[in-house]
Amino acid sequence: MAPTEGRTQEATAMPRKTTQHPSHRRAEGKGTGSGTPADRLVRAWLDGKDDTFADLAEEFIAGGRDGVLSAALRKFAERYEEEAVEEFALALTELAEAVEGQAGFDLAELVLLPVATTGAPPDPARLAGSLAGAGLFPAEAEVIFAEGWHSAEAILSLSPVAIRRVLLDIAGRRPPADLPPLPATGEAEGGIAVLVGALAFGTAPSQEEPAPPATGAAGEEEFSDAFERWHASLDPTLIGDAVILSPCSPSQLADEIEALLEEANEAAFEEVADFIDTAREEAAGEEVVARLAERSDGVEVTLLTRAGRELDRRVFDTAEGELTAEDIRRVVGDRIPILDDTA
């Protein structure tokens, strides 16, 4: 994935895990009457019994019972739509990415720093060290990062039990066995590399006056401001052409990547639109039309006047995945007539 040039570095507050329970929209219906562990988990979710659901899920996650969680997801998928299944799976991930009452800390939660780049990402040790002291996280939290970069795809594929093991490994200052680092170059499939860390609290964070990052608009704004200050303080030679996304949790990673892709697509669409607008200015009032031709390296767009005077031509790359031939056809066709179209 090519980074979005000039991408605005926006951040939102990471939700504090503490003792909050899932509050997702429930699929309509009631749980089954069967008493298997998977059925009991599904029934607690559907009945809106958040405490029961969280207690059961925690029991299965802490006990390494991925088979029960997989069975629950499978049973859920047999009865409900994809969106409802995703919400159920997300709730399990959210519970797995934080843990309380372990030896050495009272609370720990995973934190990720995704970076999009077409080449090798920045030095992970320098970036992790800088982020740990940037004031983005509560002062009472110890910020611990695993060494090296990790693959976003690998993180997204982790089961809830594996996510918990990664958290416990990092909080215990051990390399995460379920998440090997990328090669020394740090280049990841899909162009997204991730620093993986943990926030470890020696004592429980205050519930009355939560420190940033906190939920709510005020907490999000404070977190965003701290992220902006940290990003502005980074040495440009360290960042290179990388785009640093907002720190997030594993349950938020897919949304962060999707937002980056949407922004990249919007920038690519604007590039095609600007190409047409420039030709219109050159046409000085004459009608502008287009010819589209697919090539091995993309789609060639030729702009000319209705009378046949060529104004400009350009090949828009489709190999990077930001634009498809259909995207280009739609953007051009929405603005000017297309004469020949072999794309």
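Can you give the accessible area of Thr118 in Å² (nearest 10), computed on protein heavy atoms with a 1.4 Å probe?
80 Å²
With only Lys, Arg, Asp and Glu charged, each at its Cβ (+1 for the first two, -1 for the last two), find how big the charge dipole of the stretch 137-187 is about the Cα centre; round to the nearest 20 debye.
180 debye
For Phe145, what charge total do you get from the other residues with a beta carbon under 15 Å from its beta carbon, if Lys and Arg give +1 and Asp and Glu give -1?
After counting each charged neighbour, the total is -2.
Please check which bits of the stretch 306-336 a label hung off Thr118 would reach, taking the label as a point 7 Å along Cα-to-C-beta and the cut-off as backbone N under 17 Å.
Correct set: 315-324.
If you build the Cα gyration tensor of the stretch 232-343 and take the root of 5 times each eigenvalue, what three semi-axes come out, in whole angstrom, biggest first?
35, 16, 12
So how far, in whole Å, is the C-alpha centre of the stretch 147-167 from the one of the stretch 267-287?
Computed from Cα coordinates, the inter-centre distance equals 45 Å.
List residues of the stretch 119-148, by number, whose backbone nitrogen lies under 14 Å from a label position 7 Å along Cα→C-beta of Arg173.
142-147
Tell me the Kirkwood hydrodynamic radius of the stretch 35-148 in angstroms, computed as one over the mean inverse distance between distinct C-alpha pairs.
Numbers: mean 1/r = 0.0596 Å⁻¹.
Result for the stretch 35-148, one decimal place: 16.8 Å.
Does the stretch 90-190 come out rounded, prolate or oblate by the C-alpha gyration tensor, with a ≥ b ≥ c the root eigenvalues, rounded set by a/c under 1.5 and, if not, prolate when a/b is larger than b/c and oblate if not?
The shape class here is oblate.
Could you sort 37-46, 122-131 so that the peptide with the highest average Cβ count within 10 Å comes first and the rest follow in order?
Peptide ranking by packing, descending: 37-46, 122-131.
Rounded, prolate or oblate: pick one for the stretch 148-201, where a ≥ b ≥ c are the square roots of the eigenvalues of its C-alpha gyration tensor, a/c under 1.5 means rounded, and failing that, prolate if a/b is larger than b/c, else oblate.
prolate
The values are calculated or read from the model by the stated rules, or taken from the named source; none is laboratory data. Everything numeric in this text was worked out from a predicted model, so none of it was measured. Because the Cβ atoms are built from the backbone with ideal geometry, glycine has one as well, and the counts that use them run over all protein chains shown. Surface areas here come from the heavy atoms of the whole protein model, side chains and all, with no ligands, DNA or RNA. Shrake-Rupley method; radii C 1.70, N 1.55, O 1.52, S 1.80 Å.
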